[in-house]
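The values are calculated or read from the model by the stated rules, or taken from the named source; none is laboratory data. A quick note: this is a predicted structure, and the numbers were derived from the prediction, not measured. Ideal geometry is used to build each Cβ from the backbone, glycine not excepted, and the neighbour counts take in all protein chains shown. We work out accessible area using only protein heavy atoms, side chains counted, and drop any ligands, DNA or RNA first. Shrake-Rupley method; radii C 1.70, N 1.55, O 1.52, S 1.80 Å.
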Amino acid sequence: MTLAPDRHRPSFHLLPPSGWMNDPNGVVHWRGRYHVFYQHNPLASRWGTPSWGHAVSDDLVHWQHAPIALAPEAPPTDLDGCWSGCFVDDDGTPTLLYSTARDGEQVTCLATGSPDLVRWTKHPDNPVMRPPNGLRGQTMEAFRDPWVWREDDGWYALVGTSIGGLGQALLHRSDDLRSWTYLHAFVPSFDRPICEDTGQVWECPGFFALGDEHALIVSRFQWAAGTHAHVLLGAYRKQHFFPRRRQRLDWGHRAFFAPLTLADGRRRRLMWGWLPEQRDAMRSGATWAGVMSLPREVSLEAGSFRQRFVPELAALRTECTRVEHMSVRGERSLGVDTATAEVRCTVVRGRGTAAGIRFRHAAGQHTDVLVAWETGRLLVDTRWSKGTHAGEYAFDVAPLVDGGRRLERVTLHVYLDHSVLEVIADDRHALTARCYPVGPAEHDVLLVSEAGDACFEQVEAWRLCGDEVCSASVSTSIDAARMVG
Ligand code: FRU
């Protein structure tokens, strides 16, 4: 047996020291530091009765692992696991509300924390919330992932559920976070058409003011049809939400799930999503599975929903290759030999059919990020970089224009971090993909234009700092070495 680095393990994305990660939980900017908690199985690289992992950052780039924040405990507490939930500042007392299952029912529990958010004490009278009486039969399947906020007259909580086969969020009210009254379904039924295709169950709801509207984020769990997250934008009136339009948050297939947001001290709304593996980590021998997306800032500009990678990530940049006004036909190498790159480019339509960036990983192994001019779509093609994990999800597509408008130019912002590729086009359309290339590493970044030319107006390609940005804190002694048989 030899110890070897795992070439697919991301180096500047947040991931657990070892074991499994899924949803971000309780993200918060607390006393000047960013905290990301997450669903975690420390024992294996597959889902298992979840604990809450915890990582802390001063700069959104470097992360330090803190001890596990919540772990399942014997009955009558949360033996079935500490499932997803949120953080609440209860007048200075850090408080978590999270889901668990008990006696066949999903319920909400509460824990309070030390000022540094490291030690957590579960409330002795948990659970603090159970499915509402009249709805018990219908919500047996799902009553989970509380999201809590404060209004002048008290606390409000949404809990994700399914009613009549459709996703819904149930609104509750409380004076003290411990005793809750169910009010009603948050999205009135006559507004359902806009919610079509948002799933049979709404997981991990998140609700907040954005610009002069309100945003409700919901995650759709439907394994066969794909799991994704949407933002619904609309009006909040009389404790109901009236969505007017919606946008998919990321077009990767099963690639960006259960996103959660926080408001930071700089008046920004930041979002993280879970990036699942698209390979069987256990079978591949990896001791880790699941990655947190890079933090994205979300905003509403002139009524349009925007997302951007946070500018702090520029701290990762090392060498830069710049190109301006380059006409490309076929492919053109930038000579950027790295498995961790950031590329920003504006590409203008010429006579070609599709143009963009090719990330070469090894001989015959590459991932393409392409703009298809005629159809107005972004394509991410991982057919040649899925290694032995090739399957039906090797070709992702995101629409870039509405209503048949002719697409003339696109700005792409891309991060490649070993097996993770995150793309945001025009600060708006995100598409995350995973690639697991095989063969001796041979990296390059190329500009490509198929079947004719395209003009790359401005290209900046950075090599990024290759060191892992996550470090174990003293109190967690975790062996992050990867073993290969
Ligand atoms: C979403 C989810 C949540 C649940 C958690 C359990 O991925 O299914 O609804 O609380 O994961 O790990």
The range 348-368 residues that are touching a residue at least 24 places away in the same chain (Cβ under 8 Å), paired with ones that are of a type in the set (G, A, S) and open to solvent by 30 Å² or more (accessible area, probe 1.4 Å) (beta carbon under 6 Å, 6 or more apart) = G352/A451; T353/A451; A362/G439; A362/A441; A363/G439; Q365/G439
Across the range 287-310, the tally of residues that are of a type outside the set (A, V, I, L, M) and within 16 Å of the ligand (Cβ to nearest atom) stands at 2
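Inspect the range 132-145 for any residue being touching a residue at least 60 places away in the same chain (Cβ under 8 Å) and part of a strand (DSSP E or B) and give the result as yes or no.
So the first thing to find is which residues in the range 132-145 are touching a residue at least 60 places away in the same chain (Cβ under 8 Å), and the list is 141-142, 144-145.
Add one more test, that the residue is part of a strand (DSSP E or B), and what stays is 144-145.
Scanning the range 132-145, I find at least one residue that is touching a residue at least 60 places away in the same chain (Cβ under 8 Å) and part of a strand (DSSP E or B), so the answer is yes.
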Looking at this structure, is F190 in contact with a Leu (Cβ under 6 Å, 6 or more places away or on another chain) and farther than 26 Å from H40 by Cβ?
-> no
Of all residues in the range 341-365, count the ones that are assigned to a strand (DSSP E or B), modelled with pLDDT of 95 or more and open to solvent by 10 Å² or more (accessible area, probe 1.4 Å).
-> 6
Search result, residues across the range 33-46 that are in contact (Cβ under 8 Å) with a residue 40 or more places away in the chain and under 15 Å from Q64 (Cα atoms) | Y34, H35, V36, F37, Y38
The number of residues in the range 20-29 that are open to solvent by less than 20 Å² (accessible area, probe 1.4 Å) and away from the ligand (no atom under 13 Å from the Cβ) is 2
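Checking the conditions here, which among F37, F12 is touching a Cys at 6+ places or on another chain (Cβ under 8 Å) and open to solvent by less than 10 Å² (accessible area, probe 1.4 Å)?
F12 is the lone residue from the list that is touching a Cys at 6+ places or on another chain (Cβ under 8 Å) and open to solvent by less than 10 Å² (accessible area, probe 1.4 Å).
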Could you count how many residues in the range 179-203 are among the charged types (D, E, K, R) and within 16 Å of the ligand (Cβ to nearest atom)?
-> 1
Meets criteria (under 26 Å from S18 (Cβ atoms), within 16 Å of the ligand (Cβ to nearest atom) and not assigned by TED's automatic domain parsing to the domain that holds L412) for S284 | no
Kindly list the number of the only condition in (1) assigned to a loop (DSSP other than H, G, I, E, B); (2) under 28 Å from D444 (Cβ atoms) that fails for R322.
-> (1)
Just name the residue that is nearest to G26 (Cα to Cα) out of those in the range 159-169 that are more than 13 Å from the ligand (Cβ to nearest atom) and not small (G, A, S).
-> Q168
Hey, could you check the range 78-122 for residues that are assigned to a strand (DSSP E or B), away from the ligand (no atom under 15 Å from the Cβ) and charged (D, E, K, R) and say which is surrounded by the most Cβ atoms within 10 Å (Cβ to Cβ)?
-> K122
